[in-house]
Amino acid sequence: MTGYSATALDVGGVIYYDEPFELAWLQGTFERLCATDPGMTLGTFTEQVDRHYSGDEILTRSEEAAESWMRVRGAWSELAQEIPGAVRAIAELSRETRTVIVANQPPECAGVLSAWGVGAACEAVFLDSLVGVAKPDPALLGMALDHLGLPPADLLVVGNRVDHDVLPALGLGCAVAFVMEDAGYRRPSGVHPDLDRAYRAIRSSRPVPTEGERVTIIPSLAELSTRV
Ligand SMILES: [Mg+2]
């Protein structure tokens, strides 16, 4: 199917959409900031969101954002939206190759994977929040390789970020299938449409790797599972 003995799957942007969690977090942060600062507007907040995703991560330093994140974690299973065909693709992949999960996700992710039958289809799940090592540290992927007991060249890493997935995989000697962005998520209830629009505009251009001998670009996990 993939030509590799094993597959390491990322979760956000591969199995489920990241955006519903991020949008719910942003909305909750905005509402908390409005409660403490009467001068806060969606325009001011959008500027902060822009700065946050441009790299200064301004929002992660605020108490309001931390509180909002705890609420999002509590609603993880309700917010999780499968990227179409991903769960079925994992069932098919796991029949053909040894499959593991390697992802930066909160512990609540494990409950969703289990409820969707993904946990049972995979041989092991390595989440940064549970094992104490996070991407882009290649040690997280290294744990999966140690578990599999395979040389890196036998493992195909499937992910959606150049910094978190492609570079660590190539650095260790693994091949990568890079999943293109799919903007087909549904805006979670309670999220202001203008916030969704601003977020989509800010996040519209994310780095894509150059295809090569060890880098393939695929539209979705579902597409990967149909390859022969
Ligand atoms: Mg991801």
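Observations on the structure shown:
- Tilt relative to the chain, helix 193-202 - C-alpha long axis, 0 to 90 degrees, to 10: 50 degrees
- Sorted by Cβ density within 10 Å, fewest first, the residues His164, His52, His147: His147, His52, His164
- For Val102, the residues whose modelled amide H falls within less than 5 Å of its own, excluding neighbours fewer than 5 places apart on the same chain, are Leu9, Asp10, Phe126.
- Computed from backbone phi with θ = phi - 60° and the Karplus coefficients 6.51, -1.76 and 1.60, the 3J(HN,Hα) list for segment 100-106 is 10, 9, 9, 8, 8, 8, x Hz; x is used for glycine and proline.
- Panel order for Cys174, Cys34, by other beta carbons found within 10 Å of each beta carbon, from fewest to most: Cys34, Cys174.
- Per-residue Cβ neighbour rank within 10 angstrom, fewest leading, Glu92, Glu211: Glu211, Glu92
- Calculated from backbone phi, Karplus (6.51, -1.76, 1.60) coupling profile of segment 78-91 in Hz, x at Gly/Pro: 6, 7, 5, 10, 5, 6, x, x, 5, 5, 5, 4, 5, 4
- For Ile217, the residues whose modelled amide H falls within less than 5 Å of its own, excluding neighbours fewer than 5 places apart on the same chain, are Phe178.
- q = 0.18, 0.23, 0.29 Å⁻¹, segment 135-187: log10 I(q)/I(0) [Debye, one scatterer per Cα]: -0.56, -0.80, -1.13
- Spin-label zone in segment 187-201 - amide nitrogen under 11 Å from a point set 7 Å from the Cα of Thr44 along the C-beta vector: none
- At 1.306 mPa s and 10 °C, Stokes D of segment 1-78 from Kirkwood alpha-carbon radius, µm² per second: 111 µm²/s
- Amide H contacts of Leu156: Ala6, Thr7, Ala8, each under 5 Å away and 5 or more positions distant or on a separate chain (H built 1.01 Å from N in the peptide plane; Pro and chain starts excluded).
- Cα-only Debye scattering, segment 99-221: base-10 log of I(q)/I(0) at q = 0.12, 0.13, 0.17 Å⁻¹: -0.52, -0.61, -0.99
- Each residue of segment 107-114 was assigned a 3J(HN,Hα) from its phi angle through the Karplus expression (A = 6.51, B = -1.76, C = 1.60, θ = phi - 60°), giving x, 4, 4, 4, x, 5, 4, 5 Hz with x at Gly and Pro.
- For segment 54-150, the alpha carbon convex hull comes to 127 Å³ per residue, rounded to a whole number.
- Here is the size of segment 6-225 from its Cα atoms: Rg then Dmax, 17.8, 57 Å.
- Extension reserve of the Glu31-Met70 stretch, reckoned as 0.36 nm per residue once the Cα distance is removed: 12.6 nm
Since every read-out is calculated from the coordinates, none of them should be taken as a lab result. Given the structure is predicted, the values throughout are model-derived calculations rather than measurements. Note: ideal-geometry Cβ built from the backbone for every residue, glycine included; neighbour counts use all protein chains shown.
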